[in-house]
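The values are calculated or read from the model by the stated rules, or taken from the named source; none is laboratory data. This is a predicted model, so every value here is computed, not measured. Note that we place each Cβ from the backbone using ideal geometry, even for glycine, and neighbour counts take in every protein chain shown. These accessible areas exclude ligands, DNA and RNA; they are computed on the full protein's heavy atoms, side chains included. Shrake-Rupley method; radii C 1.70, N 1.55, O 1.52, S 1.80 Å.
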Amino acid sequence: MKKTLVLTVDFQKPDMEKIRSAAHFIKEGGLVAFPTETVYGLGADALNPKAVLALFKAKRRPLDNPPIVHVSDAREVRRLVTEVPPEAEKLMKRFWPGPLTLIFRRSEIVPDVTVAGLDTIAIRMPRHNVALALIRESGCPIAAPSANLAGKPSPTSAKHVLHDLDGRIDVVLDAGPTSVGVESTVLDLMFDPPQILRPGGTPYETLQNILPRVILHPIALAEQKLQVQKARSPGMMHRHYAPEADLIVVEGQVPAVVNKVKELVDSYGRSGKKIGVLATDETVSEYKAFAVRSLGSRSDLAAIAKNLFRLLRELDSEDVDVIIAEGIPPKELGLAVMNRLRKASGYNIIKADGK
Ligand code: TXA
Ligand code: MG
């Protein structure tokens, strides 16, 4: 057990003394959790295999699930990859810094452990001054999966990071809650046509404007568990985002969803279970249960994305046995939200209108 140092910094103008002391740990092969615009990441020097191995251990992450490598400038991509395709240039210009991760063919300088033995590498440039300053001061690309224990909801605050990793990592840079709340979109350009492997902070519809050929891999919808050979990103097969409680997602037209959620609250209530409901502003007053929370308004998908992981963790801390969550339409940021909810439920999905 080590002592985890908490360094509080301003999210726009971080104190460079503190950034430098965090960067010192990265240079020495240590582990530093830091905020990005999406979720908190757990960082290690991506070119130091020992540090990356320690990263997997601290998170208890299976070694077949590679982290994303973070850079502070698009030019840093060059030495990490064999080639930058023209489409990647265009996307980096338009969407970096931001919540878009691109898959490239990896170069020789990248250690095997960093890419879990794959011949590709996932890279992004985060839109967050603390993350960018840390990468620059460390002088290396930073491998950073989300800073949670494997399988748990991703952390959107330093408190969540400490809940999972206190005593297992060297530093947490605390710059308050993250703004996007769901992870970056993972786009595979090694495939023709380019495919979204994980929907995230950059919506499919937005990518389509720049790259009309882009398609959604079936795994991005997370409607059901896919066979391993169909998943081109091994990590995407592992159970993810899951609270301690059982989670049920109810999907369909709003009135049918509300009726179905009420029915489930009643039947689980009769069996003596402690129930949490994840509703929306429009429906929250309909429910009576041990803990009822609103994700936000159905007309504000950014708010729903931002609140999702925090509320899953909050319901866990209330010790509920079952969480019943309303689904939302899988459009724009709603697709990322539904991907996380469906996976978190272990595909325990109920179609309220029978479709
Ligand atoms: O927003 C984010 O992306 C956050 C912040 C910290 O940047 N990071 C994050 O990392 O979500 P992580 O490691 O929790 O998720 C990375 C995802 C995994 O699903 C992994 O399987 C996939 O990216 N991935 C990594 N390398 C890959 C590769 N070479 N090919 C395909 N998928 C890859
Ligand atoms: Mg993760």
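Ignoring ligands, DNA and RNA, what percent of the accessible area of the stretch 246-351 is carbon or sulfur (1.4 Å)?
Summing carbon and sulfur atoms, their accessible area is 46 percent of the total for the stretch 246-351.
What's the long-distance tail for the stretch 246-351, i.e. % of Cα pairs beyond 21 Å?
24
Angle check, please: helix 301-317 long axis (alpha carbons) against the longest principal axis of the chain (alpha carbons), in degrees 0 to 90, nearest 10.
Around 80 degrees separate the two axes.
Distance between Cα centroids, the stretch 186-217 to the stretch 128-143: provide it in whole Å.
That distance is 26 Å.
Of the options Leu162, Gln224, Gly201, report the single residue whose Cα projects farthest towards the positive end of the charge dipole of the stretch 139-289 (beta-carbon charges: Lys, Arg +1; Asp, Glu -1).
Ranked along the dipole, the leading option is Gln224.
Quick check: net charge around Thr4, other residues with Cβ under 12 Å of its Cβ, Lys/Arg +1 and Asp/Glu -1?
With Lys, Arg at +1 and Asp, Glu at -1, the neighbours total -1.
Using only alpha-carbon positions, what ratio does the radius of gyration of the stretch 5-221 give when scaled by 2.2 N^0.38 Å?
0.94
Give me, ordered by chain and number, the residues 5 or more places off Arg198 or on other chains with an amide H under 5 Å from its own placed amide H.
Under 5 Å from the amide H of Arg198 lie the amide H atoms of Val186, each far enough along the sequence or on another chain.
Go from 0 up to the bin containing the longest alpha carbon distance in the stretch 56-98, width 10 Å each, and give me the % of pairs per bin.
22, 44, 25, 10
Looking only at the chain, where both bridge partners belong to it, what percent of the DSSP beta bridges are antiparallel (to the nearest 5)?
Roughly 35 percent of the beta bridges in the chain run antiparallel, per DSSP.
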